Amino acid sequence: MKTQLNFVEILTCFCVWTSANLYSLFKLTEAQSEILNGNNGDISKIRDLQPGWGFIQRHRDVSDIEWSSWKYFIYTSLGYMILQFFISEIIRRLALPLLKYWYILSSTIFIVYKMGIRQLVIVLIQPILYGTIIFLGGNKQSVWLISLLLLGSYNSLKYKQFFWNYLEYEEMQDEEVYLILFSVAWIELRCISYSIDYIEKRDKDETCTISFWHDIINMLSYILYLPLLYTGPVILYAEFEKSLKNKGGHLWSRLKQFIFDLFVFKLYTFILDIAFHYFYFFAMQDNMELIRKMPTIALCGGGLWMGLEFHMKYVISYGTTTAFAKLDNIETPPMPRCIVRVHIYSQMWRYFDVGLYRFLVKYIYKPGLAIISKSLTLPKTAYKLLASLATFVFIFMWHGTVWHIFVWSILNYIGITLEHIGKELSKHKKYIWFKTNVLKTEKMEACLIALLCTPLLALSAISNFYLFAGSEVGDLYFECFLNPSLWNSLLISISLYCCCHVSMALVDVPSRAGTQTTVKMYENNSY
């Protein structure tokens, strides 16, 4: 629902919410300074605090291996991907059918030169397995069976010594090893997307006589496309395929947009790296006793910082890689929406990682909903909740079958379930009577919805802390949530209530590179 507050009221909510965020970040820096200074002033004992930039003369938090790995890939591949684009553009204009071959060759050269032959083997294992299944006549069930088996195997092996030894870990930088580990998860999504689309096309048109070699090239060109190989986001095969038929628009306009995008994301990178010199919340988690010394408001600042850092690194990573994809005429999803303007679970899933959301809706939620509806006789809401459950089972397995991911997935599913229940109750005749006779105006209803969403927003934030930082940190926030002081409860509740109104006011405002069409595209398919 959109907020019905007037401009002054919305501005007041915005100021309260913004002030609360800034105050909590200030209290975080204040608390961390007091704690670290009280720790004999020796912050070198915290292993993830390393000497930072000379002109700042402060230590820097280097604990986020995902961020450092993504930066490593972007910096080491930037020149190569620019060269790949210009060769791609020449091929696109002179011999378009050869473009797919160039994508495969270019990615193979990069992997072998930068990572090594063994890394190429890891990258190719999944395409070979999926290709064998679908080209031997396999169906969707066989694709999902191998997908679940691969996820289970990958999650069992990725942190084992065997995997690291195979990658010749001692001869590689940590970032290179993690990039390979990250790529396996992204490759699986692309393998599923191609395989399901291929099977649907084959089953729909039994007279189709496309050659085996042609299909192999289509599959590998999509899965190995270099800009998206290691860091995402996921782009569905149908969207990638369209770009292969496009001879290219005006080159200079695309280059200007590309240069502007790179400048913006380089600026974002600089800002985030500056912030790592002042916020040590991630590094301090190596010693939970230090975190437990923080007051509640400082912990709120720590939670906010984790969310902002998570958002920024995905915007930078996705933004940089999709800047290259847009050069190649690929339609890319919009950037993640900022977490401080989202107040309910469904919006977080719909608007943060739009590419992943589209994948989940197309290949899991909608097919699952169709199968359940045919197989069982249940209320409509039950169908949606069961389809959502299947979706979150996949989310859990894809992100990693560990305890804190399980808790995060369960809490998200509970949040989605509560939303569905709330939507169904809003259609009940008793609520309609209450709305007509008690609330009377849409403004009062909006205030009631914001009030009801306030504890849900708090639960949503805590669930994400399990994803960002693991079980110990998530449990600590739950302790604070279940045993709050009256003053902290009032302060946090007012802030979150204002956030709900700000979020409702901005619900139709797209993120960077988004459009109003994108906002509405999947509105009725929320899981």
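The condition of being part of a helix (DSSP H, G or I), surrounded by fewer than 18 Cβ atoms within 10 Å (Cβ to Cβ) and not assigned by the TED database to the domain that holds Y222 does not hold for T108. The residue that is nearest to the chain's Cα centre (by Cα), among those in region 35-49 that are surrounded by 14 or more Cβ atoms within 10 Å (Cβ to Cβ) and not in a loop (DSSP other than H, G, I, E, B), is L49.
Within region 3-12, identify whether any single residue is open to solvent by less than 70 Å² (accessible area, probe 1.4 Å), closer than 30 Å to C500 by Cα, touching a helix residue (DSSP H, G or I) at 6+ places or on another chain (Cβ under 8 Å) and assigned to a helix (DSSP H, G or I), and answer yes or no. Yes, there is a match, as at least one residue in region 3-12 is open to solvent by less than 70 Å² (accessible area, probe 1.4 Å), closer than 30 Å to C500 by Cα, touching a helix residue (DSSP H, G or I) at 6+ places or on another chain (Cβ under 8 Å) and assigned to a helix (DSSP H, G or I).
Screening F481 on (1) open to solvent by 80 Å² or more (accessible area, probe 1.4 Å); (2) under 20 Å from G307 (Cα atoms); (3) touching a Lys or Arg at 6+ places or on another chain (Cβ under 9 Å) shows it passes everything except condition (3).
Sub-6 Å Cβ pairs linking a first residue in region 139-165 that is farther than 14 Å from S195 by Cα to a second residue that is at pLDDT 75 or above and surrounded by 11 or more Cβ atoms within 10 Å (Cβ to Cβ), at least 6 apart or interchain, are L151/M397; Y154/V184; N155/G400; N155/T401; K158/L181, ordered by first then second residue. When V184, V177 are screened for being open to solvent by 10 Å² or more (accessible area, probe 1.4 Å), of a type outside the set (K, R) and either at pLDDT 85 or above or under 23 Å from the mean Cα position of the chain (by Cα) (or both), only V184 passes.
Rundown of residues vs (1) touching a Ser or Thr at 6+ places or on another chain (Cβ under 7 Å); (2) buried (at least 18 other Cβ atoms within 10 Å of the Cβ), yes/no style:
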| position | (1), (2) |
| --- | --- |
| L411 | yes, yes |
| K429 | no, no |
| T454 | yes, yes |
| L457 | no, yes |
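Annotation: A20 fulfils all but one of (1) more than 30 Å from F258 (Cβ to Cβ); (2) without any contact (Cβ under 8 Å) to a residue 40 or more places away in the chain; (3) of a type in the set (A, V, I, L, M); the unmet one is (2).
The single condition among (1) farther than 23 Å from E472 by Cα; (2) at pLDDT 95 or above that N329 does not meet is (2). Can you confirm whether T401 is within 24 Å of I187 (Cα to Cα) and open to solvent by less than 50 Å² (accessible area, probe 1.4 Å)? When the stated conditions are applied, T401 does not pass them. Applying the criterion of at least 2 residues that are outside the structural domain of V509 (by the TED database) and in contact (Cβ under 8 Å) with a residue 40 or more places away in the chain to the helices (runs of 4 or more DSSP H) found wholly in region 332-449 leaves an empty list. Y198 fulfils the conditions (1) surrounded by 19 or more Cβ atoms within 10 Å (Cβ to Cβ); (2) within 30 Å of I316 (Cα to Cα) except for a single criterion, (2).
Summed over region 19-35, residues that are farther than 12 Å from F279 by Cβ and either of a type outside the set (D, E, K, R) or outside the structural domain of C499 (by the TED database) (or both) total 6. For region 298-331, the tally of residues that are in a loop (DSSP other than H, G, I, E, B) and either surrounded by fewer than 21 Cβ atoms within 10 Å (Cβ to Cβ) or touching a strand residue (DSSP E or B) at 6+ places or on another chain (Cβ under 9 Å) (or both) stands at 3. Evaluation of K204 against the conditions (1) at pLDDT below 95; (2) open to solvent by less than 20 Å² (accessible area, probe 1.4 Å) shows that the sole unmet condition is (2). The single condition among (1) modelled with pLDDT of 90 or more; (2) of a type in the set (A, V, I, L, M); (3) outside any helix (DSSP H, G or I) that V507 does not meet is (1).
Going residue by residue through region 370-381, is there one that turns out to be under 30 Å from W70 (Cβ atoms) and crowded, with 16+ Cβ neighbours inside 10 Å? No, the conditions are met nowhere in region 370-381.
The values are calculated or read from the model by the stated rules, or taken from the named source; none is laboratory data. Keep in mind it's a predicted model, so treat the numbers as computed, not measured. Ideal geometry is used to build each Cβ from the backbone, glycine not excepted, and the neighbour counts take in all protein chains shown. Areas reflect the complete protein model, heavy atoms only, side chains present, ligands, DNA and RNA absent. Shrake-Rupley method; radii C 1.70, N 1.55, O 1.52, S 1.80 Å.
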